[in-house]
Amino acid sequence: MYYPPHFAERTGHFFPEIADRTDAYTHAASNELKEWLLTLRRHGKRVFLLTSSFTDYGQTLLRRVLGADWEKYFDISIFRARKPLFFTDTLQPFTELVGDSAEDKPVEKLEDNGIYLHGNWVLFKSFLQKQTGKDNPKVLYFGDSITSDVLPTKRFSDWQTVAVMEEMQLEKPHADHWDVSDEEQALLSSRQWGSFFADHCPVCTQLTQTYWHRVLSENSALVIPHMNYITELPMNGVYKNCTFYPKFPMKK
C-alpha cells in the first residue's frame, strides 16, 4: 500500500525501491530548465513549489532532479499540500517545517525562502499579494495530474494551469523529438485503447478527440509533453488558441 510515512520507515515495496534506486526512476532536469527557473526569478517572477509529497520523499526527488541546491530555484516551497484539497479546503492552515517534523501551531505569516506544509490557495494568494504588491496576482501553475492539478485549479481557484502530459511524447509530431525508451513507451501507451488524445472513428474514419483531450482543452491554458518545451518560448510571448503546444498530438 502507498503510505507516505513508509519512506522514513523504509517499509513496503515502493518507497525503499525509490530511495535505493532514485536514478533509475527519475531524470535530472536539463540545464536549460534550471536556467529558465533562475531567469524567472531574476525577472521578478515569484517561483514556488507546490507538491502533495511528504518532505522526505519530495526532497529526495528534488535533489536528484535539480541538485542538492534545489531550494535556490524557488521563492517558497510547500509540501504535503493535499491536492486537490489545497484548492477546496480553505480552513487548512500552513505549518512550518522544523527539521523533519511540522510544528503543531499554524504559521500566521509565510516568509520568503521558507518551507511549509499543508495550507490552502486562499492563504497563499494573500502571501503573493504582499510579495507582488498586486491585488490580483496572476498565477501560472505547472502540473502533471489532471485530477489533482488541472481540474481543481480551474474549478476552485483563479490560477491558470499548464498541463504536462508525458503521453504526448509518443504522438506525432512529438515522437520524433524525444528519445523514449521501450520501457517508457510500454508505460505510456495502451495497445487496447490507443492514443490518449485522439483516435480515428471506425465509422466515419475521421480523427476524433478523446474524453481526456476535451478535459485538457477546457481546463488548461496550455498542454505540453515536457517542461523543456517551455524553455524554448520567450517569456513575454502571448499564446492564443494554442491549447496543445507546439501542435495537436496526432495518432501515429
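The values are calculated or read from the model by the stated rules, or taken from the named source; none is laboratory data. Everything quoted here is computed from the prediction, not taken from an experiment. Reconstructed Cβ throughout: ideal geometry from the backbone, glycine too, with neighbour counts over all protein chains shown. To get the accessible areas, we keep the full protein, side chains included, count just its heavy atoms, and leave off ligands, DNA and RNA. Shrake-Rupley method; radii C 1.70, N 1.55, O 1.52, S 1.80 Å.
Label zone (L91, point 7 Å along Cα-to-C-beta; backbone nitrogen cut-off 19 Å) within region 108-143: 108, 118-124. Remark: spin-label model distance F14-V65 equals 1.6 nm, labels positioned 7 Å along the Cα→Cβ axis. Here the chain is treated with +1 on each Lys and Arg Cβ and -1 on each Asp and Glu Cβ, and its dipole about the Cα centre works out to around 920 debye.
Taking trypsin sites (Lys or Arg not before Pro) across region 84-169, the ones in a DSSP loop with at most 16 further Cβ atoms lying within 10 angstrom of their Cβ are K109, K134, K138.
Using a probe radius of 1.4 angstrom, the carbon and sulfur fraction of the accessible surface of the chain is 50%.
The residue list I115, V65, W36 was ranked by how far each Cα lies along the charge dipole of region 18-126 toward its positive end, using unit charges on Cβ atoms, and W36 comes out on top.
Loop-located chymotrypsin sites (Phe, Trp or Tyr not before Pro) across region 1-95 with a Cβ neighbour count of 14 or fewer within 10 Å are Y2, with loop assigned by DSSP. The Rg/Rh ratio for the chain, using Cα coordinates for both the radius of gyration and the Kirkwood hydrodynamic radius, is 0.97.
Close amide H pairs (under 5 Å, H built 1.01 Å from N) link A198 with T210, residues at least 5 positions away or on another chain.
Over all other residues within a Cβ to Cβ distance under 11 Å of D69, the charged ones net out to +2, with Lys and Arg as +1 and Asp and Glu as -1.
Quick check of the Kirkwood formula: for region 1-130, what is the inverse mean of 1/r over all pairs of different Cα atoms, in Å? For region 1-130, the Kirkwood estimate is 15.8 Å. For D112 and K125, the difference between the fully extended length at 0.36 nm per residue and the C-alpha to C-alpha distance is 3.3 nm.
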